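*Asks:* The structure's right below; bear with me while I get my questions together.
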Ligand SMILES: [Zn+2]
């Protein structure tokens, strides 16, 4: 734990301070001190979160990723590949399907430079089809490892739809969402610690945790919509019709009826219908003169 504050009757020094304050009552004084210490801890936690910014090497955006470097991020992703793949049955067997996943992923990667001409892309992308035919899911690990389950793959009807899923996941990697979430998690942990000290019991800390969780969900949703937008841009540059993404949303909507669990694409994501509307709006905004001819659906 962050800080253990002596409770009533615990700390001699504290008792001295309280008695020095006269008739205010030991309880009130202890509360004030607890609040002050809690506030200092909260301040330190918040300041270190907000001071610690990094420039994203691809997008050029300033981000709060807790000072984690790209190479550390890549190591984290690599270290969790086999465990994550294992949770979804490992790599799928069909070599043709696997090749298509890889090929579409590479085609999308090849146009990142056109959207963000900042030079070298540090992350190490890989594209894996997972041997899980019940969980409709796709996800990316920090630093580049990207996955789609066979259950989702088999529901897709076109290459463009596959590109929509992969483009979205590549977006999570480019925008370093995993690292942002981790940094927010640390911020939240620190604030829970501060609130626990200030409140003298867990309930205050629990309140912060609940509030913080809601906040994190909201950030998550923004991340998702940002990735849909990123996916659209990658798709068009790579020659895929971004309207295919709307088909993906319909497939997800249908799948959510029966699928037992889908951590990335259903529970953590905004409702597919809302996303479809946003996707249409983004296409209209980004391509006001219409989409290029000859895109792959
Ligand atoms: Zn996502």
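*Asks:* Of all residues in segment 75-95, which are in contact (Cβ under 8 Å) with a residue 12 or more places away in the chain and more than 11 Å from residue 132 (Cβ to Cβ)?
*Replies:* 75, 76, 77, 78, 80, 81, 84, 93, 94
*Asks:* Taking the criterion of being away from the ligand (no atom under 16 Å from the Cβ) and either farther than 30 Å from residue 133 by Cβ or modelled with pLDDT of 75 or more (or both), would at least one residue in segment 256-265 satisfy it?
*Replies:* no
*Asks:* Right, another one. Within segment 215-234, identify whether any single residue is away from the ligand (no atom under 16 Å from the Cβ), surrounded by fewer than 20 Cβ atoms within 10 Å (Cβ to Cβ) and at pLDDT below 85, and answer yes or no.
*Replies:* yes
*Asks:* If you don't mind, another one. Counting only residues that are modelled with pLDDT under 95 and within 16 Å of the ligand (Cβ to nearest atom), which one in segment 117-142 is farthest from residue 93 (Cα to Cα)?
*Replies:* Per the criteria, the residue is 142.
*Asks:* Follow-up question, since we're still on this one. Considering only segment 149-173, how many residues are in contact with a helix residue (DSSP H, G or I) (Cβ under 7 Å, 6 or more places away or on another chain) and within 12 Å of the ligand (Cβ to nearest atom)?
*Replies:* Counting residues in segment 149-173 that are in contact with a helix residue (DSSP H, G or I) (Cβ under 7 Å, 6 or more places away or on another chain) and within 12 Å of the ligand (Cβ to nearest atom) gives 8.
*Asks:* Can you list residue pairs whose Cβ atoms sit under 8 Å apart, with the first residue in segment 216-240 being under 20 Å from residue 188 (Cβ atoms) and the second being at pLDDT below 90 and away from the ligand (no atom under 14 Å from the Cβ)? Count only pairs 6 or more apart in sequence or on different chains.
*Replies:* 216/184; 216/185; 216/188; 219/184
The values are calculated or read from the model by the stated rules, or taken from the named source; none is laboratory data. The model shown is predicted, which means the values in this text are computed figures rather than measured ones. Quick reminder, even Gly has a Cβ in these numbers, built from the backbone with ideal geometry, and neighbours come from all protein chains shown.
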